[in-house]
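Everything on this sheet refers to the single structure shown next.
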Amino acid sequence: MNATVNLFNKIFAADKWNIGFIYQTPEELISTKKLNATVNWLQEDNIDYAADPFVVSVNNAPRIYYEELDFWKGKGEIMMIDEFDFKNKKKVQGIKPDAIHLSYPYLIEENGCLYCIPETSEAKEIALYQVEQENPSQLTKIKVLVSGKAFVDSSIIYHENRYWLFTSVSGDHHHLYIYHSKTLNGQYTGHYQNPIPVEKEFCRAAGSLFKVGKSLYRPTQNPINRYGGSIIINEIETLSEKAFSTINKFEILPDKPYNKGLHNISFANNIIVIDGKRKVMSLMMPFKKIVRNLKRK
């Protein structure tokens, strides 16, 4: 009986990712070690994935950049919404090369400008893009920061007079790569310990690097039970050109009704934005999966 159920689920079930938000600060998250309130989940879009959300405050209103995946298209795209409403979504343009899978549109602000570092692992590079102020769905490529590997979920933060870039490589769940530069668009140097051995639940990034006081925190994906199962909040205890150490502080678990997964967290003002996964069934799912796999090749 269980084998039959598992086969049915494999054929007709798929993950459905959505975006949610909570009114909470990073300081409150660190002090309470949990999400303080029920997650406000967005009314679902009619696509398969809305995941990897990164939020920024524009005129005191939230704007979210995220990955959209439609199985009929097969590859992820970067989208943008305002005011937590998929009805006003816009496709983000300007990422090169085009026609590759896109995800994880990491955001960083500097000197009044907004920059994005999308995941473009198929291009084997980490590139910095500037978001146009007058047309925020348009990106302009500024510079390739690091190249040569299929980098995924690259995250960057300014800390102690340097920009620190954390990344990992697709398929390698046990090595972390760190790069650093004196300027955001400068020359990035690899950490002395690269590649840094880590346990797989402390490897792949799960959203925005953030500070509380003088402490630096790094969220990571915990895939022990399932892909995107939960988020681990790690405190970085030591970070220099030659040294790195981190400690696991606490885990954030998925929230109902999206209790099958959680793998990205982002912050803006007093808002925390996350994603969540649930299972859906559809008679069309076998065909959608076939199309997705064909277009991924």
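Structure notes:
- Dividing the C-alpha radius of gyration of the stretch 18-296 by 2.2 N^0.38 Å, with N its residue count, gives 0.95.
- Between the Cα long axis of helix 2-12 and the first principal axis of the chain there is an angle of about 70°, rounded to the nearest 10.
- Among Ile22, Gly112, Ser154 - extreme Cα towards positive end, dipole of the chain, charges at beta-carbon: Ser154
- Couplings for the stretch 183-188, taken from phi via the Karplus curve 6.51 cos²θ - 1.76 cosθ + 1.60 with θ = phi - 60°, read 10, 4, 9, x, 8, 9 Hz in order; Gly and Pro are left as x.
- Cβ-based exposure ranking for Asp255, Asp52, in which fewest neighbours within 10 Å come first: Asp255, Asp52
- Ranked list, fewest to most other Cβ atoms within 10 Å of each Cβ, for Tyr192, Tyr177: Tyr192, Tyr177
- Cα lying deepest toward the dipole's positive end in the chain, options Ser266, Asn248, His173, charges on Cβ: His173
- Proxy reagent accessibility, fewest Cβ within 10 Å first, across Tyr188, Tyr106, Tyr217: Tyr217, Tyr188, Tyr106
- Full-extension gain in nm, Glu235 to Ser147, via 0.36 nm per residue minus C-alpha separation: 28.9 nm
Since every read-out is calculated from the coordinates, none of them should be taken as a lab result. What you are looking at is a predicted structure, and each value in this text was computed from that prediction instead of being measured. Note that we place each Cβ from the backbone using ideal geometry, even for glycine, and neighbour counts take in every protein chain shown.
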